[in-house]
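Throughout, read-outs are computed from the coordinates displayed, never taken from laboratory work. Predicted model only: the values in this text are computed from it and were never measured. Here the Cβ positions follow ideal geometry from the backbone for every residue, glycine too, while neighbour counts run over all protein chains shown.
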């Protein structure tokens, strides 16, 4: 009871939040149960009249299928539909566009589906590819639906279509999940495996079993637990965003913040078992685990290494460096993985990193080691201030003196202010300047100066 | 270039005439200072073999006579100091490998004493060349505005197990002296002496005289150069950048100046020390360099570098100034961080540019063309204030736009900070998603998503 009160309060709070919102926002998602939509694509081609066991294939398939439909009656969050092929034009010659959605999706149409099946007689050709591509339009647009096709057939493609390609394309576009196929009589495993998960039904009994397995796979609740492992292999890391991408369509299926339940274990997530997942854990840098397959009805635990520690920067006083960006790269790599503000602590995967602090001069700290639960602090000297004054506009550059060599740092502004204030790290500097109005190299002025931590040096580029 | 040659010659003539008379030095501020002194130390062989007969007299007497004439011609030059070191003057029971002495210290007005000292010696000892070179350290002593020149006059090779090549190299690197001159009397010892310095073979009296004359002329020749920084048309119009000429051997900066075009719009002429080989570094971004540039004594040398540059600027619609990291295309090393409100010049070429907006903007393979301003656009960001009613954990993502290869994927932008109830961010225009959960929650199901759009210059408030 108490929990309910809390959640009501929560909802209220969010309602208030919405009304304040100036931006376009979506409704919060408290993971509502998705609707499972199953489209049966049923073979009504001529060969289905063929005798099989105790009756014709079509009659037996219809009878067993009807029994399954009865068991699905009143199942919550389930909608069914029926598409037939080969039931409108006689073979030969047959018509390769002979397929039709006979019963559209609804949550209360099992009787209608049964009625339609009883009323038709199989007579035509087998246009599987065309039937599948048409099936894409049978699913009305829906944000939170699982679209499943169950194909029941006794023959292979007869219309030069490529059902494998059609199936792959529909899955890639995220229109359907991987289909199921029941092959009646002969074994078509080889031809149908590329379309989806194939079940062989040599006899009545196998046909019944196949349908039952498919339905349970489609509907059984399945759960996953992601263990984010620390350096010791314990699942202690948490509070990180995990994104579950559909490995085939690339679409985001779940986007969650990893949590520990009240017992301190990683929380369990109910998940669609028909999808193969790529999981991205948003540590810095992110960790991926690709092609995670689940078994319907079974709880799966996935371990992902995500050991982390902290990185911080420090100078004696942070005031002048506060907003200095620090570019973080994997040690030895060129790719920027994060830009950390000097005064902000950030969490990283354990390992070695290079940091480039955009101070003047830039400071590069190499091979910074981030250790589990430990804060590594990179300390740099407190900068000093250089006030560079000129009497005229001109061209000037600032250099760091490094073992006799001049390392270029900065080109001075060509402004009428004739004064520039720069925060510089302690060290020996040289400034080289020439008036804009001089046409003799001879008038170049060179001044050396030293910056001490926290102190101001006045540099006058005139005598 | 061909067209400008007469003008250059004229300038060169002007400088060679006016220069010495007025005492006006074109040199910029440099480690040498303005009034340079050339210090010539003569290291003279007085070993036993010098007493041998050669041409019209003994080697020693001829060598002294010709040297004395040359020295007389230097009389009265206030900017030249001369000194004398002699090795092998003592007759010892065995070879004395430290038989080397400062006879006349470096100074002006000492030519007569050098001549008389040389006349009074009789060659009799061994040939400790390496040791003698080492001793020149104390002969020269520290001096910031001096050019130290060694002229070694010898008729024999090292006779004391020393390694004169190594010593010479070492002392040049330390900046004790410039590349020495050697005059080899009688035999040709080029092969052995080349590593010590510039070798002149004196097979006869006449050659010997010519060699000494050339060495002195080379040392004291007014020598000039100019640095042509070429633009996209091959014209030397690029200027106003800092140029450093490093001594190729010592690695120290010899000349340092801001490149200038003179009244005629041509690169200004510099007086250069011809005894130094230079590494030229032009501080464009990235720097240009030309190594081991040799300057011909007494001539005007044009040093040409391809310095085609273009400019990069940002059309920044935002109030904020962003650091923009500039890299050579395909490399990771930052060569410059340009603030978005500045226009900086770069060598023409291809660059990768990262603008530290949130999220970062990456421009890959940006072509900066010579004499052209390349402009990149930074859209105005929007301001977003995130308020946490209870502390939350989560991240902010940008949804990849339709023109991206990774459409549909989420680009991680930043973490939410559970310790900040109000977090203000400047975000680039786009669609964002915040994925978050109350920090205290124990269920993943409590994860929430909040989508919002950021438009340029707009303010958005998001409550979590």
**Order by protection proxy (mean Cβ within 10 Å, highest first), peptides A:411-424, B:60-73** = B:60-73, A:411-424
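Could you work out the relative contact order of chain B, using alpha carbon pairs under 8 angstrom and six or more residues apart, expressed as a whole percent?
Relative contact order comes out at 10 percent.
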**Message:** Give me the one-decimal nm value for the distance between modelled label points at residue B:101 and residue A:56, 7 Å along each residue's Cα-to-Cβ direction.
**Reply:** 13.4
**Message:** Give me the inter-chain shielding for A:382-395: mean count of other chain Cβ atoms within 10 Å, whole number please.
**Reply:** 1
**Asked** Over the Cα atoms of the stretch A:62-123, how large are the radius of gyration and the largest Cα-Cα distance (Dmax), in Å?
**Response** 13.2, 43
**Asked** At q = 0.18, 0.23 Å⁻¹, what log₁₀ I(q)/I(0) does a Debye calculation on the Cα points of the stretch B:224-306 give, no solvent, two decimals?
**Response** -0.71, -1.16
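If contacts are Cα pairs under 8 angstrom and at least 6 residues apart, what is the relative contact order of chain A in percent?
Working: 1027 pairs, mean separation 39.9, N = 463.
Across chain A, relative contact order equals 9 percent.
Dividing the convex hull volume of the alpha carbon atoms of the stretch B:42-161 by its residue count, what do you get in Å³ per residue? Provide the component values of the computation, followed by the final result.
Numbers: hull volume 11.7 nm³, N = 120.
Taking only Cα atoms, the stretch B:42-161 has a hull volume of 97 Å³ per residue.
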**Prompt:** At a Förster radius of 56 Å, what calculated FRET efficiency corresponds to the Cβ-Cβ distance of residue B:331 and residue B:143, to the nearest 0.05?
**Reply:** 0.80
**Prompt:** What do you get when you divide the Cα radius of gyration of the stretch B:110-194 by 2.2 N^0.38 Å, with N the number of residues?
**Reply:** 1.17
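For an R0 of 41 angstrom, estimate the FRET efficiency from the Cβ-Cβ distance between residue B:369 and residue A:413 and round to the nearest 0.05. Please list the in-between numbers first.
Details: r = 25 Å, r/R0 = 0.60.
E(calc), rounded to 0.05, equals 0.95.
Sort A:402, B:318 so the one with the fewest other Cβ atoms within 10 Å of its own Cβ comes first.
On the way: A:402 11, B:318 19.
Listed from fewest to most nearby Cβ atoms, that is A:402, B:318.
Among the DSSP beta bridges whose two residues both lie in the stretch B:44-147, what percent are antiparallel, rounded to the nearest 5? Please list the in-between numbers first.
Numbers: 7 of 10 bridges.
Restricted to the stretch B:44-147, the bridges split so that about 70 percent are antiparallel.
Once fully extended, how much extra length lies between residue A:197 and residue A:74, figured as 0.36 nm per residue of separation less the alpha-carbon to alpha-carbon distance? It would help to have the intermediate numbers written out before the result.
On the way: separation 123, 0.36 × 123 = 44.28 nm, distance 2.63 nm.
Contour length minus the Cα-Cα distance gives 41.7 nm.
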**Prompt:** What is the extension gain from residue A:335 to residue A:389, computed as 0.36 nm multiplied by their sequence separation minus the C-alpha to C-alpha distance, in nm to one decimal?
**Reply:** 15.6 nm
**Item:** chain A: angle of helix A:57-72 to the longest principal axis, Cα-based, in degrees nearest 10
**Value:** 60
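So what's Rg/Rh here for the stretch B:64-120, counting alpha carbon atoms and using the Kirkwood radius for Rh? Show your work: numbers first, answer last.
Working: Rg = 13.1 Å, Rh = 12.5 Å.
Computed over Cα atoms, the ratio is 1.06.
Can you tell me the relative contact order of the stretch A:154-309? Whole percent, Cα pairs under 8 Å, sequence separation 6 or more. Before the final figure, lay out the partial values.
Values: 300 pairs, mean separation 34.5, N = 156.
About 22 percent, as a whole number.
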**Asked** If you rank A:98, B:188 by fewest surrounding Cβ atoms within 10 Å, what's the result?
**Response** B:188, A:98
**Asked** According to the Cα gyration tensor, what semi-axes, each the square root of 5 times an eigenvalue, does the equivalent ellipsoid of the stretch B:282-355 have, listed from largest to smallest in whole Å?
**Response** 33, 13, 9
**Prompt:** So, in nm, how far is label residue A:229 from label residue B:166 when the simple model puts each one 7 Å beyond its Cα toward the Cβ?
**Reply:** 5.8
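Ratio of alpha-carbon Rg to the 2.2 N^0.38 Å globular estimate for chain B, to two decimals, please.
Values: Rg = 34.4 Å, N = 464, 2.2 N^0.38 = 22.7 Å.
Working it through for chain B, the quotient is 1.52.
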**Request:** For helix B:59-72, report the angle its Cα long axis makes with the longest principal axis of the Cα atoms of chain B; keep it between 0 and 90° and round to the nearest 10°.
**Result:** 60
**Item:** Fewest-first sequence of B:437, A:146, A:73 by Cβ atoms within 10 Å of each Cβ
**Value:** A:73, A:146, B:437
**Message:** Residue by residue through B:449-457, how many Cβ atoms from other chains fall within 10 Å of the Cβ on average?
**Reply:** 4
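What is the mean number of Cβ atoms from other protein chains located within 10 Å of the Cβ atom of each residue in peptide B:360-367, rounded to a whole number?
On the way: counts 5, 0, 1, 0, 0, 0, 0, 0.
Rounded to a whole number, the mean comes out at 1.
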**Message:** Can you give the Rg/Rh ratio of the stretch A:206-330, where Rg is from the C-alpha atoms and Rh is the Kirkwood radius?
**Reply:** 1.15
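Find the eigenvalues of the gyration tensor of the Cα atoms of the stretch A:35-219, then list the square roots of 5 times those eigenvalues as equivalent ellipsoid semi-axes, largest first, in whole angstrom.
Working through the eigenvalues yields semi-axes of 22, 19, 16 Å.
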**Item:** Label-point separation in nm, residue A:121 to residue A:90, each point 7 Å along Cα→Cβ
**Value:** 1.0
**Request:** Can you check what the Kirkwood hydrodynamic radius comes to for chain A, Cα pairs only, in Å to one decimal?
**Result:** 28.3
**Request:** Quote to one decimal, in nm, the extra length available between residue B:51 and residue B:207 on full extension: 0.36 nm per residue of separation minus the C-alpha distance between them.
**Result:** 54.3 nm
**Fill in**
Helix B:129-140 sits off the longest principal axis of the Cα atoms of chain B, rounded to the nearest 10 on a 0 to 90 degree scale, by 70
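If one computes P(r) from the Cα atoms of the protein assembly as shown, what percent of pairs lie at distances over 38 Å? Could you put the intermediate results ahead of the total?
Values: 275055 of 429201 pairs.
For the protein assembly as shown, the share of Cα pairs beyond 38 Å comes to 64 percent.
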